[in-house]
1. Quote to one decimal, in nm, the extra length available between Y38 and I122 on full extension: 0.36 nm per residue of separation minus the C-alpha distance between them.
2. Taking N as the number of residues in region 39-149, what is its Cα Rg relative to 2.2 N^0.38 Å?
3. Just want the ordering: L146, L99, from fewest to most Cβ atoms lying within 10 Å of their own Cβ.
4. Relative to the present Cα-Cα distance, how much length would full extension add between D106 and R78 at 0.36 nm per residue of separation?
5. Please report D40, D69 as a ranked list, fewest other C-beta atoms within 10 angstrom at the top and most at the bottom.
6. Using 0.36 nm per residue, how much length does the chain from S95 to N66 gain when fully extended, once their Cα-Cα distance is taken away?
Amino acid sequence: MTKKTRKTTLLLSILISAFWCGASLPAFGHCQIPCGIYDDYARIQAMLEDAATVKKSIRLIVELANKNDPQSQNQRVRWIMNKEKHAQNIIDAISNYFLTQRVKLDQENYPERPVKHHTVIISAMKTKQHLDEKYVSQLKKSIEGLMPYYPKK
C-alpha cells in the first residue's frame with residue numbers, strides 16, 4: 001500500500017467513523033444566501049429569551065456556590081454551561097445573522113446600526129465573564145435597543 005493510499009484510507013476511516021458515531025457539524029440558524037426568508041422580530045425575541053435564561057442561570061449559579069455536595073456541584077456546572085451557551089447564542093445571532101445579512105451599507109442609519117449590534121455582542125460577552133445581574137440588564141437593554149430596526153410585521 002502506498003503512502004497516498006494509506007492517507008486516503010485513514011481519512012475515509014475517520015469520516016466513516018464520525019458519521020457512524022453520529023458526529024455532526026455545527027448548524028447555524030439561517031443560511032447566508034439571499035433567500036429572502038427572514039423573521040428579524042422573532043430573532044430579537046429569541047435573543048431576549050436567551051438573555052432571560054442567562055439571568056436565571058446566574059441566579060442559580062450564585063445560589064449553588066456555597067453548596068459542596070456532588071449534586072449541587074453537578075448542577076452548578078450545568079448552569080454555568082447553560083449560561084455560556086445562551087450568551088453565545090446571542091453573539092452568534094448578531095454575528096452570523098444580523099451583521100452579515102440585515103445590516104447594510106446603504107441603510108439610512110447605517111453608522112449607528114453596527115455600533116448598536118456590537119454593543120449587544122459586548123454585553124453578551126460580559127455576561128459570560130461575570131455573575132452580576134447588572135450585566136444581564138445591560139444585555140437586555142442593548143437587545144431592546146435593536147427593536148426599532150426590526151419591528152413585528
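Read-outs throughout are calculated quantities, based only on the coordinates presented, and are distinct from any laboratory measurement. Predicted model, so just to flag it, every value in this text is computed and none were measured. FYI the Cβ positions are ideal-geometry reconstructions off the backbone, even for glycines, and counts take in every protein chain you see.
1. Difference between extended and current length: 27.8 nm.
2. Here the answer is 1.18, to two decimals.
3. The order, fewest Cβ neighbours first, is L99, L146.
4. Gain in length upon complete extension: 5.7 nm.
5. D69, D40
6. 6.8 nm
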